[in-house]
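The block underneath contains the structure these notes are about, expressed in structure tokens.
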Amino acid sequence: MIYLDHNATTPLDRRVLETMLPYLENEWGNPSSPYRFASRAKIAIEKARNQIAECAGCGPGEIIFTSSGTESDNLAVRGTAHALRSRGNHIVTTAIEHHAVLNTCKALETEGFRVTYLPVNSSGVVSIKELENRLAPETILVTVMHANNETGVLQPVKEIADLTKKRGIPFHTDAVQTAGKIPYPLCELGADLISFSGHKLYGPKGTAALYIHEKTPLSPILTGGLQENGLRAGTENVAGIMGLAHAFSLSAESAEREYKRLEELRDRFEERICTLIPGTKINGTGAPRIPNTTNISFDSVDGESIVLGLDLHGICVSTGSACSTGEPEPSHVLVAMGLSPKEAQGSIRISLGRDTGEAEMDTALEALSDTIKRLRSISSV
């Protein structure tokens, strides 16, 4: 198998698994219990919190553990909206956000909140000027993702953070696709709230975190105990938290090296595929992108058929977000970028990882070329 869908999930690093095992086998105490056996689990959690804070460039008290990137996004968006409702009811986001943010915003609209969905240009980038024009006295939150999960396009998050700080508006960014991939600490982005997830950086599924700047007002969305500073009730997943911390640390250590390597590998692949396969378009090339991601449209071919055809070759790619698999509608991200529904449905996403090398990309290129030729010959009959 050649796995080229790392934006959907990543394999668990063996070193991370070894870190987790003691907390699955022996150190399984409830960290909220008072006796020494349980206190070892509590100490482990705080060690992990410090480790992540060091990688992210923040204080340990600003890290809250959750179960997923989706929960982190929900806590950030819902929690801020509810905490600041007395101040206003306006939220600004973009048309290309992950469904964890988009559907949360739509749900908040049913509660009386007003949401502005900013457009993007043909490269998939939001306009700072457009954002500034849409801010209002009642705006209580701006939420714009760092890198898009389908195209890899990076948003001008640092500039957005500068703007929102001047206006005194909390700013959240979904950094699920960039945590561990960018060669600088997450908190250098300047956002007040930052979501990230373990299984996107070779850690375990079911464990994630939310950075919350110490001065950011937030209401919990889960009610229960006082775990995680009262912001996330429920017994902590100690093994998962230890795995998340180790995975984040390992990814941060190799981020600069991997960034350059994957960028060269992706660019070489894109150049060759455009030469080898006519009727090919790389989406988002006019903007900065994370180096492991390429989104490609092919004329006269359906993306789902390409995915299934490559699967027969033992190659794993996707048509977009794993959370949207099976949906008949074309990608909302690509449509927002100006692609027609037909063009969007003829697109696939390829996302590289640590185990991806030139040999894997060469094999994928050959299989993709054969698959496109076969599908086009069928559609022309």
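Might you check whether a residue that is in contact with a Leu (Cβ under 8 Å, 6 or more places away or on another chain), among the polar types (S, T, N, Q) and outside the structural domain of Thr356 (by TED's automatic domain parsing) occurs anywhere in segment 217-232?
no
Is it fair to say Ile221 is touching a helix residue (DSSP H, G or I) at 6+ places or on another chain (Cβ under 9 Å), over 19 Å from Cys55 (Cβ atoms), modelled with pLDDT of 95 or more and not small (Gly, Ala, Ser)?
Against the criterion (touching a helix residue (DSSP H, G or I) at 6+ places or on another chain (Cβ under 9 Å), over 19 Å from Cys55 (Cβ atoms), modelled with pLDDT of 95 or more and not small (Gly, Ala, Ser)), Ile221 qualifies.
Give the residues of segment 341-381 that are at pLDDT 95 or above and in a loop (DSSP other than H, G, I, E, B), sorted by residue number.
Residues satisfying the conditions are Gly346, Leu352, Gly353, Arg354, Asp355, Thr356, Gly357.
If I filter segment 121-145 down to residues being within 21 Å of Glu214 (Cα to Cα) and not β-branched (Val, Ile, Thr), which single residue comes out as farthest from the chain's Cα centre (by Cα)?
Applying the filter and picking the extreme gives Leu141.
Out of segment 8-28, which residues are buried (at least 16 other Cβ atoms within 10 Å of the Cβ) and either over 26 Å from the mean Cα position of the chain (by Cα) or free of Cβ contacts under 8 Å to residues at least 40 places away in the same chain (or both)?
Those that are buried (at least 16 other Cβ atoms within 10 Å of the Cβ) and either over 26 Å from the mean Cα position of the chain (by Cα) or free of Cβ contacts under 8 Å to residues at least 40 places away in the same chain (or both): Tyr23, Glu27.
Taking the options Lys158, Lys181, name whichever one is in the same structural domain as Phe65 (by TED's automatic domain parsing), within 30 Å of Leu339 (Cβ to Cβ) and surrounded by fewer than 18 Cβ atoms within 10 Å (Cβ to Cβ).
The match here is Lys158.
Kindly list, by first and then second residue, each pair from a residue in segment 343-366 that is outside the structural domain of Gly314 (by TED's automatic domain parsing) and surrounded by 17 or more Cβ atoms within 10 Å (Cβ to Cβ) to a residue that is in a loop (DSSP other than H, G, I, E, B) and modelled with pLDDT under 95, limited to pairs with Cβ atoms under 7 Å and residues at least 6 apart or on different chains.
Going by the 7 Å Cβ cut-off, there are no qualifying pairs.
The values are calculated or read from the model by the stated rules, or taken from the named source; none is laboratory data. Since we're looking at a predicted model, the values are computed, not measured. Glycine also receives a Cβ, built like all others from the backbone with ideal geometry; neighbour counts cover every protein chain displayed.
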